[in-house]
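Peer 1: Below is a structure I'd like to ask you about.
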Amino acid sequence: GESVGLHLPTLSVQEGDNSIINCAYSNSASDYFIWYKQESGKGPQFIIDIRSNMDKRQGQRVTVLLNKTVKHLSLQIAATQPGDSAVYFCAAFYNKLIFGAGTRLAVHP
Amino acid sequence: EAQVTQNPRYLITVTGKKLTVTCSQNMNHEYMSWYRQDPGLGLRQIYYSMNVEVTDKGDVPEGYKVSRKEKRNFPLILESPSPNQTSLYFCASSFRGHLTTGENIQYFGAGTRLSVL
């Protein structure tokens, strides 16, 4: 069946560094992708999305890269701040959204 | 404020005692969905609704029921809860549920942590 997985369950970074969170999906027909952020005690919040006809999309301090050849997408966070500490999910859409298990990002001062 | 509201936030119950978790959205979204979140497994869809009176099973529907009598409300019903339904539950809504555009972005409630003893 379809699956979405993240490469690392946890990622520790120093405040001010850039963070890269990776995600792989199994269905090559997936044509829309979303990154969510989930802070402790809260529901997932939309960060950024990208359609399959794009390779890159930028938001405020975040960039999503999509490599359809290897079915991989990444979320890059520039100048990571303590407030970025959370669990990050990617989701791939083909008929419905399939969510990955999440990567916990820990930001250290 | 645009939001998805779930109640209760926390619930402890016993095996077999029927319960309902309510979900309401104020964004006039057509699509609503229930997920459960378990460690290491990500979000798994229980049921979804494309519109009023239209509901369908997700990936893990056993032991759950839903209804969609009004556009804004989508309650999750556990007729006879069992310990394996102990989990963190999320309700979500989006403008649409089947398009590869921003209309498919799902907005989530704050979650309901359920413990079944």
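Peer 1: Please compute the average number of Cβ atoms from other chains found within 10 Å of each residue's Cβ in peptide A:98-104. Could the numbers behind the result be given before it?
Peer 2: Details: counts 5, 8, 2, 7, 6, 0, 0.
The mean count of partner-chain Cβ atoms within 10 Å per residue comes to 4.
Peer 1: In sequence order, what are the phi-derived ³J(HN,Hα) couplings for the stretch B:111-117 according to the Karplus relation 6.51 cos²θ - 1.76 cosθ + 1.60 with θ = phi - 60°, rounded to whole Hz, with x for glycine and proline?
Peer 2: So the J values, rounded to whole Hz, are x, 10, 8, 10, 10, 10, 8.
Peer 1: Can I ask one more? Assuming R0 = 25 Å, what is the FRET efficiency of B:ALA2 and A:SER40, from their Cβ-Cβ distance, to the nearest 0.05?
Peer 2: Working: r = 22 Å, r/R0 = 0.89.
The formula returns an efficiency of 0.65 here.
Peer 1: What's the extension gain from A:TYR94 to A:ASP31 if we count 0.36 nm per residue and subtract their Cα-Cα distance? Write down the numbers at each step before the final one.
Peer 2: Details: separation 63, 0.36 × 63 = 22.68 nm, distance 0.64 nm.
Here the answer is 22.0 nm.
Peer 1: Now for a different question. Please compute the Kirkwood hydrodynamic radius over chain A, one decimal place, Å, based on all pairs of different Cα atoms. Can you show the working numbers first?
Peer 2: Values: mean 1/r = 0.0725 Å⁻¹.
Value: 13.8 Å, from the Cα pair sum.
Peer 1: Here is a further query. Using θ = phi - 60° and the Karplus relation 6.51 cos²θ - 1.76 cosθ + 1.60, list the HN-Hα couplings for the stretch A:96-106 in order, rounded to whole Hz, with x at every Gly or Pro.
Peer 2: 7, 7, 10, 9, x, 7, x, 10, 8, 9, 10
Peer 1: Still on this structure: Please list 3J(HN,Hα) in residue order for the stretch A:80-87, calculated via the Karplus relation 6.51 cos²θ - 1.76 cosθ + 1.60 where θ = phi - 60°; whole Hz, with x for glycine and proline.
Peer 2: 4, 10, x, x, 7, 4, 4, 9
Peer 1: Another question, then. Contour minus end-to-end for B:ALA110 and B:ARG44, with contour as 0.36 nm per residue of separation and end-to-end as the Cα-Cα distance? It would help to have the intermediate numbers written out before the result.
Peer 2: Details: separation 66, 0.36 × 66 = 23.76 nm, distance 1.61 nm.
Going from the current span to full extension adds 22.2 nm.
Since every read-out is calculated from the coordinates, none of them should be taken as a lab result. Here the structure is a predicted model, which is why all the values come from computation and not from measurement. FYI the Cβ positions are ideal-geometry reconstructions off the backbone, even for glycines, and counts take in every protein chain you see.
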